[in-house]
Structure formats: C-alpha cells, structure tokens
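Below is one structure, written out as structure tokens, with a few remarks after it.
The values are calculated or read from the model by the stated rules, or taken from the named source; none is laboratory data. The structure presented is a predicted model; accordingly, all values stated were derived computationally and were not measured. Neighbour counts run over all protein chains shown; Cβ positions are idealised from the backbone, glycine included.
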Amino acid sequence: MRVKFILAALAGGVGIASAHHSAGAFDQSKTLTVHGTVKVFQWTNPHVWLWVDVPSKNGTVTEWGFEAGPTNFLKRGGVHWDSLKAGDVVTVKFHPIRDGRAGGTFLGATLADGSTVANGPKFGKPGGPAPAPGGGVLPIGGTGPAPQS
Amino acid sequence: MSLMPKILARVTVALAVIVSGWLASSAQARQLSWSEIAKWPDLEGGNWEFIGGAMGLLPNPLKMPLKPAIMAVMRTKFDAHGKPKWNVGLPGYSQTGTCEPEGLPSFTGTQFFYTRAGIFMVGDTDYSTIDRRIYMDGRGHDDPDPTFYGNSIGHWEGDTLVIDTVGFFAQVQVGWGVPGQGKQEIIERYRLTGPGKAELKLTIIDPAVLTKPYTETYQMVLTDDDETPELFCTNNRDATTTVDLTPPQ
C-alpha cells in the first residue's frame, strides 16, 4: 500500500489544504543530496519535475527524477519555468523514494553560483501560504469506496 | 355559461400561462445591472485565505452528525482527534493520486468576480482550477445534471451572500472521506466582518449521509495575491501504485 504525505507547502490553493495524493512513497525522515546536471525542468502539473543526470564514481550516469509542487505553488514562491535550465549544475536536496529507485520529493536545489531554487514559499514568510489546518500533512485525491448507510 | 364565454375563459387562461412562462424565461435570461451590482458588499479584490476545515473545506467527519453506520466506518479511518489513520489507508480516497476535482465544498473558489452574468468564484488548487458561476438573476436550479461543483444560485440577504448548490456526482464528498451520494445541498453564506476579513458559514444538508444539517464556520482573510494561474493535470506520475519515474523523452 502506498501512502504518501504531501506537505502543506504543496497546497496550491491559497490557504486551502488540498493535494491530489499523499506522499508516503517518500521517506520523510531522510534528507539526501545528489550532485549533477539538469536534463530537463518540467513545468507541469500536478507536479513540476526536475530531472538530473547524476554521475557515479565508476563513470556511469543515472537520471534522477524529483517531484516538486505544482506550478502555481512554485510560482507563488518566486520559482518560474526557467529557474532551472538544461545544463545547470545543481545540488539537489530531497526526500528519497522508499523503494530505492532514483527519485524523491524535491526540497530545493543549489546552483553552481550559490543561488537556490526552493520548492515554493517558506512557511511563515510574508506572502507564503498558511500551514495546513490541523498540521502539515495532507492526503491524496481520488475516489474511494462510499461508506454504506 | 354559454359556449362563447367558456372559450374566452380558456383562451384567457392559456394566454396567462404563456405570458407567465415567457416572463419566467425572461427572468432567467436577465442581465444584472451595474448599478445593482455596485450596491453589493465587496468580496472582490484577490484571493481569500480560508482558515479551518479538515481537508480543504471538508469538515472532520467525526464532528458531523453522520448516520451511525457511516460514523462506524469513519471511526475506523480516523483517530479520536480526527487525524486519519494512515496505516489503514486514506480516508475516502483511492491510494493513488488522481486528478479528480475536489468538488464543493472541499473547494469553493478563493476569488469573487462580480459580473452582469452573475458572480464567478475562481481559484486554483494543486492540480486544478475552477470557475464556478453563481446565478444571481433569480432563477431556480431546474434539475441540473450532476457535476463536481454543482449548480449554484445566489442572492443577498442583507450583507450576506447566500449561495445554494445542488446537483453533484455521487463521489463528491461532504465531509473528509464521506461521499455525499449526490443528494447533498450545500449552502454558503459569505459576510464581510471587517477590512480584509470575512466569514463563511457552510451548511451541508444531506439526508443520505447526515441525521441533520451540519454547519461549520470558516474565517477568511483577503491576501494580496490576485493570481489566477492556469493549471491542467497533464503530467500525473502518481496515478498508479508506484510513482512513475520514467524519464521524459
């Protein structure tokens, strides 16, 4: 069973806690980094995706995928479609996917010049969204079984 | 009564029916005037932040007057504090991410736009945008087809905007994890409470799920964000039980 948790930071609606899935597939207790070259920054919904070619010590290259928030959320945090470009050298911070594949939840990236790209606004900062009511954990969307009356 | 007066009476009745029907249809097509719109309390100006709700604006189901059998199911999905028991699955939702709209009242829209065609409530969540049209010209619901956001008619009661909505798909939730089964009626009451502040009283009427109507109140704060971003779900990698990590071509 996949149970994912999306931080309230991924709620695009202003002040509305909403998310199309949970984030249990990603290990929120672990924060890792990889260093590589941006292959593509997909400005898409329901998630922006960052794809990075990460070289290993033995010379092989693995393409990593990082799931960020939706475009509206990143935009409200000052991130735009061209904030990351193919060829940019980045260090990516992320929560890894639990099944060990090359992917994770995007937390932020640092470019070679030291500038950073965050996954949307920071809580508590002016203009940032409010934390989700009742906590920072949001469930998924979709259709489930109706309770029997 | 002779034959002629009878015929005249019937013709008169028939004409009255025709004229009243024409007047009714004229009322449905009525464009509001800017002068009457100018008298409305001003809910426009940007995105409102809503405070409250368990999931979106969906209430905590354990606080709702659910029918006993439904409440028993919800108690298996939520702990005593109203937090989901994640280990038993996500309440009312599938285990995979879809791009299915939230529906009303989970999301009502966060901006108001006043027009001669009615009020539009628009907004964006993390995977969808909505543009609800609230008919303000006095029409009724007229047996609407089901949708995620229903058919909305509104009017002003003093300083309060009252919106009545019916016509939902069966899976649209009235509480977190509680599908309304399509028979729900949602009543929104918006009222300005101060500069940049407002209040929403949300009443859910659903004889299929609730033993009595349930009302929850949300505070609203006007933000300086007036964005209306486009957002379509075109790259959903969460629709299966494993995240799709296939690199883009």
Hits in the stretch B:204-249 - residues which are surrounded by fewer than 20 Cβ atoms within 10 Å (Cβ to Cβ) and of a type in the set (Lys, Arg): B:Lys212
A:Thr71 vs. criteria at the interface with chain B (Cβ under 7 Å from one of its Cβ atoms), surrounded by fewer than 21 Cβ atoms within 10 Å (Cβ to Cβ), modelled with pLDDT of 90 or more and within 26 Å of B:Asp224 (Cα to Cα): no
Subset of the stretch A:82-100 (residues that are part of a loop (DSSP other than H, G, I, E, B), of a type outside the set (S, T, N, Q) and modelled with pLDDT of 95 or more): A:Asp82, A:Leu84, A:Lys85, A:Ala86, A:Gly87, A:Asp88
From the options B:Leu245, B:Leu231, residue that is within 9 Å of chain A (Cβ to nearest Cβ) and under 21 Å from the mean Cα position of the chain (by Cα): B:Leu231
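Quick one: how many residues across the stretch A:30-58 are among the small types (Gly, Ala, Ser) and in contact (Cβ under 8 Å) with a residue 12 or more places away in the chain? Working first, answer last.
Pass one, the stretch A:30-58, residues among the small types (Gly, Ala, Ser): A:36, A:56.
Filter once more, keeping what is in contact (Cβ under 8 Å) with a residue 12 or more places away in the chain: A:36.
The qualifying residues number 1.
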Wholly within the stretch B:64-183, strands (runs of 3 or more DSSP E) carrying at least 1 residues that are farther than 28 Å from B:Ile37 by Cα and either of a type in the set (Val, Ile, Thr) or touching a helix residue (DSSP H, G or I) at 6+ places or on another chain (Cβ under 7 Å) (or both): B:173-175
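Among the residues of the stretch B:119-126, are any over 18 Å from B:Gly56 (Cα atoms) and modelled with pLDDT of 95 or more?
Applying the first criterion (over 18 Å from B:Gly56 (Cα atoms)) to the stretch B:119-126 yields B:119-120.
Pick out the ones that are also modelled with pLDDT of 95 or more and you get B:119-120.
Yes; the residues of the stretch B:119-126 include at least one that is over 18 Å from B:Gly56 (Cα atoms) and modelled with pLDDT of 95 or more.
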Subset of the stretch B:115-125 [in contact (Cβ under 8 Å) with a residue 40 or more places away in the chain and within 14 Å of chain A (Cβ to nearest Cβ)]: B:Val122, B:Gly123, B:Asp124, B:Thr125
Close pairs from the stretch A:97-119: first free of Cβ contacts under 8 Å to residues at least 24 places away in the same chain and surrounded by fewer than 16 Cβ atoms within 10 Å (Cβ to Cβ), partner of a type in the set (A, V, I, L, M, F, W, C) and outside any strand (DSSP E or B), Cβ under 6 Å, at least 6 apart: A:Arg101/B:Leu245
